[in-house]
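Participant: Structure provided below as structure tokens; questions to follow.
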Amino acid sequence: MDPSYINLALGGLAVLGCIGVFFGLGLGLAAHKFAVEVNPKVEAVQALLAGGQ
Amino acid sequence: MRNGWDMNPHAALAIARIRRLGAIGFFMGLFLLTGCKTEHPFVQSAVFKDSHEITIAFAGPVDDAWAQTIANFSVNEIADPDIFADIAAAALSRDRKSLTLRLTDAMNRQNSHTVMLKEILSDGKSLGTARLTLKQPYFGTLLSILIGAMIIQNFVFSKYLGLCVFFGTSRKKSTAVGMGITFTIVIVFASMLSWFLYQFVLKPFRLDYLQIVVFIGLVSLTVQGVDTIMRKVNPKLFKAFGVYLVLVIANCIIIAVPLTLAQNEYNLYESLMLALGAGLGFLIALFLMSSVRERLEFAKIPEAYRGLPIAFIVAGLFALSFMGFSGMSLF
């Protein structure tokens, strides 16, 4: 196989990985910064209920 | 005698100043809009007169003999530099400052054209070759993209995209409008983000074959981001959006728009207009549909048709009526 294709594929993996890590960190930080406290009982009850959708 | 027009001199002065500024702004805007800049200092403007004629205005008189020689001019679409249009005639105005080129075949004015004027002669002096670019007025293009995506090529009624969410949320007018507004906001964000990523990451690294994967990721990222931030910043609005915010991910219009942008190589403003048009078009479709479905609740419908079947028939009728817009061109 042409090595340039392999380079292209590896480069693609690297670039997309970087994008993924970047946006993932961004979302994680946003979730941390904009965290909303939810009563744990609400979540517990919701987990027990049958999920409609 | 005092009347309503009398006012103290300071206010009058201020108003006069505002008017003057307004006038200057207006003419600046007009200047930018009409695009007076051409690539050659001697050529003031080059515009489409109608589908067959191009008018070129010069800063000074040009020579008759030069203007009569058709071989001095060439016209072609920018996309096809080797296909030249047939020039039937070239006519110079009486003051020799305005040249009209008449073509044998009609031009497609949606596409930009290149006009070459070889060795412009003015009073026997050669002023060099001018290479001009002819474009439709730019705001017209933007507006036609907006209206095109919104009405003429409505994503729901003429491309049949996003039907799941369309039928799911068009039962009540209030939910329909809520969904439409949420969708418009998210699609504008997601499309802008995908445009940037496509132009500045995917294209330079020759990764455009991965565009679908990247765009899907970006859409979910936008939705998740809006969800997270809105939950904290504006809980009221978040409650109003409810489940629709997450439903936006399941809408295929939101992936169709970035793909269209990438395929047509739109620039930033054109992309913004397409995204806005798609969102508003979806809002219009949802509103129309929900208005009909609210009335259908009270209509006498055969039992087999109640609910979704009649909704599909109504959507088909809407699509038929939207076909009336097809082929319309605005500018």
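Participant: Using DSSP H assignments, which helices in chain B have an axial alpha-carbon span of 18 Å or above and a mean Kyte-Doolittle hydropathy of -0.5 or higher?
Facilitator: Once both thresholds are applied, what remains is B:9-34, B:173-197, B:211-233, B:268-296, B:308-322.
Participant: Among B:PRO41, A:VAL15, B:LEU283, which residue has its Cα positioned farthest towards the positive end of the charge dipole of the protein assembly as shown, with +1 placed on the Cβ of Lys and Arg, -1 on the Cβ of Asp and Glu, and the dipole taken about the Cα centre?
Facilitator: B:LEU283
Participant: Cα-Cα over 26 Å: which of B:LYS49/B:LYS159; A:LYS41/B:LYS172; A:LYS41/B:LYS236; B:LYS49/B:LYS203?
Facilitator: B:LYS49/B:LYS159; A:LYS41/B:LYS172; B:LYS49/B:LYS203
Participant: Now for a different question. How crowded by other chains is B:226-238, given as the mean number of beta carbons from other chains within 10 Å of each beta carbon?
Facilitator: Shielding by partners across B:226-238 averages 2.
Participant: Report, as a whole number in µm² per second, the diffusion coefficient that Stokes-Einstein gives for chain B at 20 °C and 1.002 mPa s using the Kirkwood radius over alpha carbon pairs.
Facilitator: Roughly 88 µm²/s, to the nearest whole number.
Participant: Over the range B:263-329, what number does the Rg to Rh ratio reach, with both radii from the alpha-carbon atoms and Rh per Kirkwood?
Facilitator: A ratio of 1.14.
Participant: What value does the range B:140-325 have for Rg/Rh, both radii from Cα atoms and Rh as Kirkwood defines it?
Facilitator: Ratio value, two decimals: 1.01.
Participant: From the residues B:TYR209, A:TYR5, B:GLY316, which one has its Cα farthest along the dipole of the protein assembly as shown in the positive direction, the dipole being from +1 and -1 charges on Cβ of Lys/Arg and Asp/Glu about the Cα centre?
Facilitator: It is B:GLY316, whose Cα lies furthest towards the positive end.
Participant: Between A:ILE6 and A:LYS41, what is 0.36 nm times their sequence separation minus the Cα-Cα distance? Round to one decimal in nm.
Facilitator: The span from A:ILE6 to A:LYS41 would gain 7.4 nm if fully extended.
Participant: Testing the spin-label approximation: label points 7 Å from Cα along Cα→Cβ at B:ILE78 and B:ARG96. State their distance in nm.
Facilitator: It is 3.3 nm.
Participant: Kirkwood hydrodynamic radius (Cα pairs, Å) of the range B:196-272?
Facilitator: Hydrodynamic radius (Kirkwood, Cα only) of the range B:196-272 equals 13.8 Å.
Participant: What is the distance in Å between the Cα centroid of the range B:231-249 and that of the range A:1-28?
Facilitator: Their Cα centres are 32 Å away from one another.
Participant: Another question about this same structure. Find the Rg to Rh ratio for chain A, where Rh is the Kirkwood radius over alpha-carbon pairs and Rg uses the same atoms.
Facilitator: 1.35
Participant: Cα extents of the range B:112-196 along the three principal axes, largest first, in whole Å?
Facilitator: Taking max minus min along each principal axis of the Cα atoms, the range B:112-196 gives 75, 26, 18 Å.
Participant: Along the principal axes of its C-alpha atoms, what lengths does the protein assembly as shown span, in descending order and rounded to whole Å?
Facilitator: 93, 92, 54
Participant: I need the calculated FRET efficiency for the pair B:ASN111 and B:VAL292, taking r as the beta carbon distance and R₀ as 56 Å, to the nearest 0.05.
Facilitator: 0.90
Participant: For the range B:43-134, report the convex hull volume of the alpha-carbon atoms normalised per residue, in Å³, without decimals.
Facilitator: Measuring per residue, one finds 83 Å³ for the Cα hull of the range B:43-134.
Readers should treat all values here as calculations from the given coordinates under stated rules, not as data from a laboratory. For clarity, every value in this text was computed on a predicted model and none was experimentally measured. Note that each Cβ is placed from the backbone with ideal geometry, even for glycine, and that neighbours are counted across all protein chains shown.
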